[in-house]
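The values are calculated or read from the model by the stated rules, or taken from the named source; none is laboratory data. Fair warning: this is a prediction, and the values are worked out from it, not measured in the lab. Cβ coordinates were reconstructed from backbone atoms using ideal geometry, including for glycine residues, and neighbour counts include every protein chain displayed.
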Ligand code: SF4
Ligand code: SF4
């Protein structure tokens, strides 16, 4: 396993982290939690030292399962991360409900402190402000009390909005979705975090399975290697100098072995170099929105990159409406407010027919 710096914290983390949201569904449902925990123990035996969990994952059993594994390991041999937001504290949002949630997480994980505690799932700057105003002081108090070591955040915001959160100087690291499909969408945020000395953890390196399920589109990632498309996509993320950890969800020990192989002899490069290389190779992606964000100046406020990302799913054979609802929390009806002014199409780096795509999104039923 390759180890990287988690920003300037002094912590050395494995280039592959375990995202603890893919424990075997049948085993979880049947209560075979020790069997699930064996996968986490196997990951640790392969050198993985970063485990990312949260309330509600795996029918709300992920923290408990992960705790079964962690209890069998020396406390200084791993880093554990979990998450909280105003959705986890219950209806009453105050210091007591925040602390009760945190203590429940600690108890389930069988640890005295968390290495990383995320202000969870910031969807927009407005959402960030709301969550931060409500909870940040509770995070600080928990840190002062020794219950958490590092305050971090997780987000689906685009790069320019991530830059604003990074500039707040409140966080030691961030967890974001980033992969070979959407890398331009968040790259400026990664650059900003790296310059600040923050750790960067990446979730969704396979774009929710979209990349490995379309090997013909992403075969260029494997050039010069004997890796599978999935492994190459994971390596793509891990090879970024600015990224500390690529999270991967494991259901079986074979998944662990696959992911570890992806970073054998890893060579790190600056993100900008990787972008340049991809620009020459990713010719197959020309009709996909790259998430670059250049069009994002809509006078009626449509978040065009997010709607175009949803449309990408249609091109790739997946669901527009699922993407909008579950990933972006956006209503498809907003797409119908487009006045066809044409500004975004003039700005689009891929010359995409944004107006026509929005019209399709507005009436999508899949
Ligand atoms: S064409 Fe539609 S989506 Fe594009 S900028 Fe104008 S109103 Fe916004
Ligand atoms: S629609 Fe075009 S300009 Fe806008 S994010 Fe996608 S590729 Fe970039």
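Here is the figure for the range 48-57: residues that are out of contact with any strand residue (DSSP E or B) (no Cβ under 6 Å at 6 or more places or on another chain) and modelled with pLDDT of 95 or more total 1. Filter the range 296-329 down to residues that are in a loop (DSSP other than H, G, I, E, B) and either at pLDDT 95 or above or within 13 Å of ligand 2 (Cβ to nearest atom) (or both), then give me how many there are. Result for the range 296-329: 8.
Within the set 212, 205, the sole residue that is in contact with a strand residue (DSSP E or B) (Cβ under 6 Å, 6 or more places away or on another chain), away from ligand 2 (no atom under 16 Å from the Cβ) and assigned to a loop (DSSP other than H, G, I, E, B) turns out to be 205.
Only residues that are near ligand 1 (Cβ under 7 Å from one of its atoms) and at positive phi were counted across the range 295-350, and they come to 2.
Quick one: is residue 321 farther than 30 Å from residue 215 by Cβ and surrounded by fewer than 17 Cβ atoms within 10 Å (Cβ to Cβ)?
Numbers: farther than 30 Å from residue 215 by Cβ: no; surrounded by fewer than 17 Cβ atoms within 10 Å (Cβ to Cβ): yes.
Spelling it out, it is not the case that residue 321 is farther than 30 Å from residue 215 by Cβ and surrounded by fewer than 17 Cβ atoms within 10 Å (Cβ to Cβ).
Mind counting the residues in the range 330-362 that are loosely packed, with under 15 Cβ neighbours inside 10 Å, in a loop (DSSP other than H, G, I, E, B), more than 11 Å from ligand 2 (Cβ to nearest atom) and in contact (Cβ under 8 Å) with a residue 24 or more places away in the chain? Counting residues in the range 330-362 that are loosely packed, with under 15 Cβ neighbours inside 10 Å, in a loop (DSSP other than H, G, I, E, B), more than 11 Å from ligand 2 (Cβ to nearest atom) and in contact (Cβ under 8 Å) with a residue 24 or more places away in the chain gives 2. Within the range 43-61, being surrounded by 18 or more Cβ atoms within 10 Å (Cβ to Cβ) and free of Cβ contacts under 8 Å to residues at least 60 places away in the same chain holds for 44, 49, 51, 53, 55, 57, 58, 61.
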